[in-house]
Amino acid sequence: MKKIFKKIKEICEELFMSVFFKIGFGAAIITVLFCAVCLCYYNTAVKNADSLISQGEALAEADLSDEYYEEIASRFKNRSGETYKDYKMMEGIGLSFYGDGGIVGESSGGYTMPALLSLNFLDRYIYIMGNEGEVPEVAAARQGGVPMYAKPFTIPGETEPAEINLYNEYAQNIVPILTNNGGLNPCVIEDIEGTISVGEDGKTYFTRTEPGETTRVLRDSLVSTRAMENRRGDIVVVFFQELPEGYSPQQYVDILLKMRSHQRLLVNQKCFYVIGPVLNCDSESSKELEALLQDTFGAYFINAREYLCNEAAEKYNITIRDEEYLNDMAHGKVSGAFMNRDGNLNIYGQYAISELLTERLNENDKELLKIETEYDE
C-alpha cells in the first residue's frame, strides 16, 4: 500500500514538471492543485499506515509476517478505539474492561485489546472502565467491589463544587484519574446526584447536578458510582499490565474476588476474567502471583506473560533473532516483538491477547453471550 502511494507521489511530481515546460503556466497551476490533493492523501495514508506498522516493525529485530499484519489491518479497517469507550450499549450482555494503560491504548496507538476484541463481538459494546496509571483499589471503587466513601462535608444548595475526601478499605486518599469517566459519574452521595472532579489544585470535588437544599453530610457516606448499578450485569475483564509496587499477590487477588462478588450475573458468578501482568516480570518473579490467580480463577485466568513468551510467537509466525529478545524469552519475559519502545504492549501483543480472550469467552460463556438483555445504561 505504501509503495502504491509513493508511486503516485512520484508520478505527480513528474507530471508537474512536464506540464510546466510543455503546456504553460495556467495548466501547471491546475496540475499543482491536482498534485496537492494527491500528496495530501499520500501523506495522510502513509501517516496512518505508519502509526500501525511502526508498533512492531520499528523494533526491526522481529520478523513479523505480512499475513499477521494484514489480518489485523483488514479486520480493524477504519474503526477507532474511541468508538468503544463508555458509550450506550446496544443489545446483549456487555463486556467491561477494568485496568490501566493496557486497556486504554495510550501506548499502542489506540489499537487497544478491547477495541480489537470488539471485532469478534459486533452485537455489543465493549466498555473501557480504566485509565492510564489506574491502580486496583481505584478500579474496584469504580466498579463497586471495594466501594469508596466520602468523609463528612457540606453539599451546597447551588450547583457549585464542594471539596471532598474519598477513601476505601485499601486507600486512605483516593484521587480518581478522570481521563476516561470509567463508570464513575454521575454518582450519588446521600441521595444527591452529582459529579466528582479533580481541580487544577489536585483536590477532589463533588458538584450536584440540580440545585436544592444545602445538605450537611455528618458521617462517612457511600459514593454510589454509575458502574455500581449499570455495569453489574456485564462480563468483566481485569487487566493490569503491571502490578503496582506494594501489592502482595494475596492482596491483589482479594481485591479481584471482591470485584467478582459484586457482579450481578444472569447465569453464574464465573464470568469474571483476569489477565495476568506482562511488564517488568519473568517466570520467577511471577510464579507466586500466577499460581494464585490460576488456582483462584481457573479457566477464567489468562496467563498473558506465558502466552506471549511461547505459543503466540509460533502461532503468528514471528521469528525472534535479537539475542536480548531470545534471552528474555528464555527467562519467561515478554520480548520486544510484542512491546513498544516505551515498554508497553504494542498492537501485536494487544491483538494476540484479544484473540486468546475471544477463545476463552467462547469456550466458557458461549451460552451467556447469546442472551439479550434490556437494562438501561
(message) Exactly one condition in (1) assigned to a helix (DSSP H, G or I); (2) farther than 14 Å from PRO249 by Cα is false for PHE297; which is it?
(response) (2)
(request) Output the qualifying pairs, or none if there are none: Cβ atoms under 6 angstrom, residues six or more apart or on different chains, first residue in segment 154-181 and assigned to a loop (DSSP other than H, G, I, E, B), second residue open to solvent by less than 60 Å² (accessible area, probe 1.4 Å) and basic (Lys, Arg). (result) THR159/ARG208
(request) Sort out which residues of segment 284-293 are under 21 Å from ARG260 (Cα atoms) and either touching a residue at least 40 places away in the same chain (Cβ under 8 Å) or within 23 Å of the chain's Cα centre (by Cα) (or both), and write them in order of number. (result) LEU289, GLU290, LEU292, LEU293
(request) Answer yes if at least one residue in segment 173-188 is over 22 Å from PHE97 (Cβ atoms), at pLDDT 95 or above, surrounded by 20 or more Cβ atoms within 10 Å (Cβ to Cβ) and not aromatic (Phe, Trp, Tyr), and no otherwise. (result) no
(request) With respect to ASN168, determine if the residue is of a type in the set (S, T, N, Q) and in contact with a Gly (Cβ under 9 Å, 6 or more places away or on another chain). (result) no
(message) Being modelled with pLDDT of 85 or more and open to solvent by 30 Å² or more (accessible area, probe 1.4 Å): is that true of GLU367 here?
(response) no
(message) Just to check your reading of the model, which residue among LEU243, LEU256, LEU308 is at pLDDT 95 or above and buried (at least 20 other Cβ atoms within 10 Å of the Cβ)?
(response) LEU256
(message) Being within 23 Å of ILE155 (Cα to Cα) and free of Cβ contacts under 8 Å to residues at least 60 places away in the same chain narrows it down to one residue among GLY212, GLY246; which is it?
(response) GLY212
(request) Give the residue, chosen from ALA330, ALA299, ALA313, that is of a type in the set (A, V, I, L, M) and open to solvent by 80 Å² or more (accessible area, probe 1.4 Å). (result) ALA330
(message) Here is a list: GLU359, GLU284. Which entry is of a type in the set (D, E, K, R) and in a helix (DSSP H, G or I)?
(response) GLU359
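The values are calculated or read from the model by the stated rules, or taken from the named source; none is laboratory data. In this text the structure is predicted, and so the values were computed from the model without any measurement. Glycine also receives a Cβ, built like all others from the backbone with ideal geometry; neighbour counts cover every protein chain displayed. In case anyone asks, the SASA skips ligands and DNA or RNA and just uses the protein heavy atoms, side chains included. Shrake-Rupley method; radii C 1.70, N 1.55, O 1.52, S 1.80 Å.
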